[in-house]
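Chemist: Would you mind keeping the following structure in view while I ask a few things?
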Amino acid sequence: MYCLSSKTRIDVGQTVAVVPPGIMILSVDKDVYNQLGLTGSESVFSSKQKKKYTVQINMTDKSFTPGKKNYDRVQWCFKDRLELRFDFLFTWIPDDDSIHSASVAKYFKDAGYSVSLCKLHKSVKTHKNLIMPTFCDLDILENAEKILEWFGAVACDIDVQQGTSDGYVSTFEAPDPAAISTHFSHVRWQGLITPHCISVLIDKLRLLVKAGGLPWAGITVHGFADSPISWARNEHGYQTAGENFYTYIIFPDDSYLLFMAVGSQDVCP
């Protein structure tokens, strides 16, 4: 199960996440940390003007069961020392195929919590006469930055020129050599999407490309800007824009390109 506090800001408030196999991560300011009373560590991105702390709770530990000291202390800190309240986004993929993933919503609802279904927001855009790079004739390593720039321009619906650009509104260029595609689809999903779902999508795209259904395919995944963790469960920086995304491009011969964008306030994976 994955959970992430909603409508919270890591730079000015408290944020919480729960990730497999059952680790809760809290990013809190100095006042909340002192009131909470749980052991944590000072953020590597703390400054003299703004102190932040990270607390991790292993909810799969044998000592974290009702009636045991560790569990009771954590519960006491949350309920008696400092009553924190959050709205959460959560998603769950059961290990047993006979169990529906929506049953977790029923569990929380039966426990007295207000639960609502958040559907993924999907948008599809088809481009005609789009200038796109011809990867088979392109020196990929030499043009890696331009390829990533081209992907970003298409995702943001920015006009991309071919050759030397003299446009006023947009100065983006497609890597050379390039060709005109008469049918190019850009699909976007927004929401809390699990790594498992992304892995399944990549596998399906790989099979489709390998079978000749597509000349190539690409997928870009953005992390939440206000998540307390980022790459490899490392602490997520909060002093700048919070970039954390990767772009994965798949080719028919099972080769691929992987671009990873790590913000200046993030730990490199």
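Chemist: Per DSSP H run of at least 4 residues, take -39500 (n - 2.57); add these up for the chain, divide by its residues and hand me the 222 nm value, nearest 500 deg cm²/dmol.
Modeler: Numbers: 5 runs with 51 residues, N = 269.
Computed mean residue ellipticity for the chain: -5500 deg cm²/dmol.
Chemist: With +1 on each Lys and Arg Cβ and -1 on each Asp and Glu Cβ, how big is the dipole of the chain about its Cα centre, in debye rounded to the nearest 20?
Modeler: 1340
Chemist: To make sure I understand the rule: partners must be lysines, Cα under 19 Å from the Cα of Lys119, and not fewer than 8 residues away in the same chain. Which ones qualify?
Modeler: Lys7, Lys106, Lys109
Chemist: Hey, rough spin-label estimate for Val187 and Ser123, points 7 angstrom out along Cα→Cβ, what's it come to in nanometres?
Modeler: A separation of 1.7 nm, rounded to one decimal place.
Chemist: I would also like to ask the following. Accessible area per residue, 1.4 Å probe, Å², for the chain: what's the number? Could the numbers behind the result be given before it?
Modeler: Details: 16990 Å² over 269 residues.
For the chain, the per-residue accessible area is 63 Å².
Chemist: Oh, and also: Taking 0.36 nm per residue of separation and subtracting the Cα-Cα distance, what length does fully extending Asp96 through Lys146 add? Let's see the in-between values first.
Modeler: On the way: separation 50, 0.36 × 50 = 18.00 nm, distance 4.40 nm.
Additional length available on full extension: 13.6 nm.
Chemist: Give the range of the longest stretch in the chain that excludes all trypsin sites (Lys or Arg not before Pro) found in loop regions by DSSP and having at most 15 other beta-carbon atoms within 10 Å. Working shown, then result.
Modeler: Values: sites that count: Lys7, Arg9, Lys48, Lys50, Lys51, Lys62, Lys68, Arg85, Lys119, Lys128.
The longest uninterrupted stretch comes out as 129-269.
Chemist: Using a 1.4 Å probe on the protein heavy atoms, what percent of the accessible area of the chain belongs to carbon and sulfur?
Modeler: Carbon and sulfur together cover 53 percent of it.
Chemist: Name the lysines eligible as straight-distance cross-link partners of Lys30: C-alpha to C-alpha under 19 Å, and not fewer than 8 places from it in the same chain.
Modeler: Cross-link targets: Lys48, Lys50, Lys51, Lys52, Lys79.
The values are calculated or read from the model by the stated rules, or taken from the named source; none is laboratory data. Everything numeric in this text was worked out from a predicted model, so none of it was measured. So basically every Cβ, Gly included, is an ideal-geometry build from the backbone, and we count neighbours across all protein chains shown. These area figures cover heavy atoms from the full protein model, side chains too; ligands, DNA and RNA do not enter into them. Shrake-Rupley method; radii C 1.70, N 1.55, O 1.52, S 1.80 Å.
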